[in-house]
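One structure is given below, encoded as structure tokens.
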Amino acid sequence: MFARGGDIRTEEVVDVRARRGGVRVCTGAGLALQADVAVIATGASLAHLARRCGVPVPAPVSRGYSFTVAVDRPVPGPIYLPEARAMCTPHRDGMRVAGMAQLLDPDREDIRDNVRSLIASARPLLEGVRWNERGDVRVGEGPVTSDGRPLIGATPVAGVHLAGGHDRWGFTHGPVTGRLPAEQITTGTRPEALRAFDPLRVAVKWRVDTGRPPVASQVLSAAGSPS
Ligand SMILES: Cc1cc2nc3c(=O)[nH]c(=O)nc-3n(C[C@H](O)[C@H](O)[C@H](O)COP(=O)(O)OP(=O)(O)OC[C@H]3O[C@@H](n4cnc5c(N)ncnc54)[C@H](O)[C@@H]3O)c2cc1C
């Protein structure tokens, strides 16, 4: 890539817009970078820049969380607790507990409530777990669409593409997510395989709450004209 003139910069991008036959990428440090094309692939933060380009990605993301607890005796193997919606696995001298991914607004929801609720559900099902001795709480998050498919393709802003929304499949799908938009950008023709992932497909009804189906007004406002 470098041999072909490539350059890598690490900057926080705050805006992407069409400018003089190409795109302008504005950074938080006040830089304005000019490019022929931009691909927004900002993972769980996709909503902000995508919305500015006319794709109404919702702020809530799929959030999974896990933590480690101390145990009185070694855990012999993985334990699935469907009633508690938890998966427990041996981890060093303790046990790693992972909850189900949930749709949450990262700016409003406090993950500690989910951890407490998971513990309340799992506590009656397991003996010898010292739930108060826990640590290494981690949260993983990613945008997720109502039809479960990622958003890959052109936005209404000329020269700006989107590649994200893979939820828990981004490692697996990453290589092809890179290759197909590159083909579209360099040839000007959208590969047929990308049709189902059009960021503006009408089939996407954004889930904007925390698990319940969206009410009609939310679907309409989320799928309507971008602001
Ligand atoms: C616990 C966990 C386990 C998983 N296991 C698997 C698995 O087994 N298999 C699988 O396929 N997938 C798995 N996934 C999902 C996978 O991690 C994601 O789907 C994938 O990382 C998404 O890739 P991405 O490039 O779209 O986004 P990310 O990997 O999130 O990358 C986005 C990048 O953009 C940067 N960024 C964000 N905002 C800005 C900005 N404004 N300006 C500049 N940079 C910005 C971020 O810092 C980040 O580096 C797992 C996820 C989690 C949380």
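The values are calculated or read from the model by the stated rules, or taken from the named source; none is laboratory data. None of these values were measured; they are calculated from a predicted model. All Cβ positions, glycine included, derive from the backbone under ideal geometry; neighbour counts span all protein chains shown.
Return yes when ARG17 is at pLDDT 90 or above, away from the ligand (no atom under 12 Å from the Cβ) and assigned to a strand (DSSP E or B) and no when it is not.
Yes: the conditions hold for ARG17.
Take the residues in the range 131-168 that are closer than 13 Å to LEU200 by Cβ and of a type in the set (S, T, N, Q); name whichever of them is farthest from the ligand (Cβ to nearest atom).
Step by step, filter the range 131-168, then rank; the result is THR155.
Select from the range 43-60 the residues that are farther than 13 Å from PRO150 by Cβ and not in a helix (DSSP H, G or I) and write down the one among them that is modelled with the highest pLDDT.
The qualifying residue modelled with the highest pLDDT is CYS53.
Which members of the range 193-208 meet the condition of being modelled with pLDDT of 90 or more, closer than 21 Å to VAL157 by Cα and loosely packed, with under 14 Cβ neighbours inside 10 Å?
Listed by number, the residues that qualify are ARG195, ALA196.
Considering only the range 22-78, how many residues are away from the ligand (no atom under 12 Å from the Cβ), touching a residue at least 24 places away in the same chain (Cβ under 8 Å) and of a type in the set (Lys, Arg)?
Adding up the residues that qualify gives 2.
Could you go through the range 130-137 and let me know if any residue there is touching a residue at least 40 places away in the same chain (Cβ under 8 Å) and within 21 Å of ASP167 (Cα to Cα).
yes
Hey, among the residues in the range 65-113 that are surrounded by fewer than 15 Cβ atoms within 10 Å (Cβ to Cβ), part of a loop (DSSP other than H, G, I, E, B) and basic (Lys, Arg), which one's modelled with the lowest pLDDT?
ARG108
Within the range 114-135, is even one residue outside any helix (DSSP H, G or I), polar (S, T, N, Q), closer than 30 Å to THR177 by Cβ and at pLDDT 85 or above?
Checked against the condition, which is being outside any helix (DSSP H, G or I), polar (S, T, N, Q), closer than 30 Å to THR177 by Cβ and at pLDDT 85 or above, the range 114-135 yields no hits at all.
Would you check which residues across the range 1-40 are buried (at least 17 other Cβ atoms within 10 Å of the Cβ) and touching a helix residue (DSSP H, G or I) at 6+ places or on another chain (Cβ under 8 Å) and list them?
Those that are buried (at least 17 other Cβ atoms within 10 Å of the Cβ) and touching a helix residue (DSSP H, G or I) at 6+ places or on another chain (Cβ under 8 Å): VAL13, VAL16, VAL39, ILE40.
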